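Contents: one structure, followed by commentary.
Throughout, read-outs are computed from the coordinates displayed, never taken from laboratory work. As the structure is a prediction and not an experimental result, all values here were calculated from the model. Here the Cβ positions follow ideal geometry from the backbone for every residue, glycine too, while neighbour counts run over all protein chains shown.
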Amino acid sequence: MNKSILIASVFLLANSCLKDTNPIIVDGGDSFLSGPGVFILNEGNFRAGNGSLSFYSYDSLKIYNHVFQEVNKRPLGDIPFSMGILGSKAYIVVNNSGKIEVADRNYMTSVATITGLNSPRHISFVSDVKAYVTSLYSDSVTIINLLTNSVSGYINIRHTSESIVTYFTTAFIANWAGGNKIMVVNTTSDQVIDSIEVGMEPESMVIDGNETLWVLCNGGWKRDHYAELININPLTKTIINRFTFPSIDDSPTNLEINADHETLYYIQNGIRRMSTSATSLPSGTFIPKVTYNFYKMAIDQRNDDIFVTDAGDYQQRGYLLRYNSTGALVSIMQADIIPGGMCFKAASDPNLE
């Protein structure tokens, strides 16, 4: 079946009430951003500088594309990769442009641009005034002063870095590209205090309801190691359990956890899920990929809605798929070029800035 026909059929079956699946923002003062929803980072074509930001609104049930560009009248940059929200500000990490765009989360108006970063990937807020940013190419994690929106220092972890999880005064930082370690950093002293050897290329991590760390290791792009899902005690830095994927060709990605922090999700030929108390990996898919090209996934911590981006052929505009907690498709809407990571936004602050 033609993909466009399939998408149209699924859209109708989902009983969606959407009237306009691709509105463009023309007024930065629009109030749609003040409500709850999810931001979608459209990576754009490599080195083309056409990355963009979309917003799916729970209030209108619409997706709004080109949000940052239409509000600020300039492009977002080359490969927007991840995003974090702290207080009234959104921090958009633009990987190939080597910068972080700081914007008001409710209006997306620019506040500052933090430049001079080396291939930044993920941001983690370790306090109200400090954040860490990982790097694909640098052996150092960058320290950001959130008061001045500037680089204040570096932590040499002697490895490139990807996923990062902060647990009280400890940051766990995954050495992804060609690595097999989780670096442990004291966030008070900004010093490496330990490391944990895991599987090849740990690419995503979550903390569960028992306050243990889960690490998904995809086995490396050469497929010469088996992928693993590893559970770690963050206090003792010891491995509680490890699950090895059955085939050398298995390449799971994008570990996520639900609202009660008792169910894990990841992408592998569809979406799979497993209980944090499970004794084995799931044998089947929770949500089959059908003809979609699942790229990134995020779970709304308020209602367990599952959002997945379909990157298509990694050249053109892709789609945002929304599933409910039972795995039923709710809606599918067109985003921009190569929709990737997502960031959820709650309702507006009582006192908007």
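Observations on the structure shown:
- Evaluation of TYR132 against (1) farther than 25 Å from THR212 by Cβ; (2) outside any loop (DSSP other than H, G, I, E, B) (one fails), failing number: (1)
- Between SER57, SER82, the distinction of being surrounded by fewer than 22 Cβ atoms within 10 Å (Cβ to Cβ), under 18 Å from MET342 (Cβ atoms) and either out of contact with any Gly (no Cβ under 6 Å at 6 or more places or on another chain) or hydroxyl-bearing (Ser, Thr, Tyr) (or both) belongs to SER57 only.
- Looking only at segment 37-54, and only at residues there that are surrounded by fewer than 22 Cβ atoms within 10 Å (Cβ to Cβ) and free of Cβ contacts under 8 Å to residues at least 60 places away in the same chain, the one that is nearest to TYR323 (Cα to Cα): PHE46
- Residue match in segment 152-165 (condition: crowded, with 19+ Cβ neighbours inside 10 Å, among the aliphatic types (A, V, I, L, M) and more than 30 Å from PHE243 (Cβ to Cβ)): yes
- Filter result for LEU136 (surrounded by fewer than 18 Cβ atoms within 10 Å (Cβ to Cβ) and farther than 25 Å from ALA227 by Cβ): no
Quick grid of which residues meet (1) in contact with a strand residue (DSSP E or B) (Cβ under 8 Å, 6 or more places away or on another chain); (2) surrounded by 20 or more Cβ atoms within 10 Å (Cβ to Cβ); (3) part of a loop (DSSP other than H, G, I, E, B):
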site: TYR266; (1), (2), (3): yes, yes, no
site: ARG273; (1), (2), (3): yes, no, no
site: THR279; (1), (2), (3): no, no, yes
site: TYR292; (1), (2), (3): yes, yes, yes
site: ALA298; (1), (2), (3): yes, yes, no
site: TYR314; (1), (2), (3): no, no, yes
site: ASP336; (1), (2), (3): yes, yes, no
site: GLY341; (1), (2), (3): yes, yes, no
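- Condition met for LEU229 (closer than 20 Å to ASP304 by Cα and part of a strand (DSSP E or B)): no
- Checked against (1) in a strand (DSSP E or B); (2) crowded, with 20+ Cβ neighbours inside 10 Å, ASN241 passes all but a single condition, namely (2).
- Pairs where the first residue, in segment 283-294, is charged (D, E, K, R) and the second is in a strand (DSSP E or B), C-beta under 7 Å, 6+ apart: none
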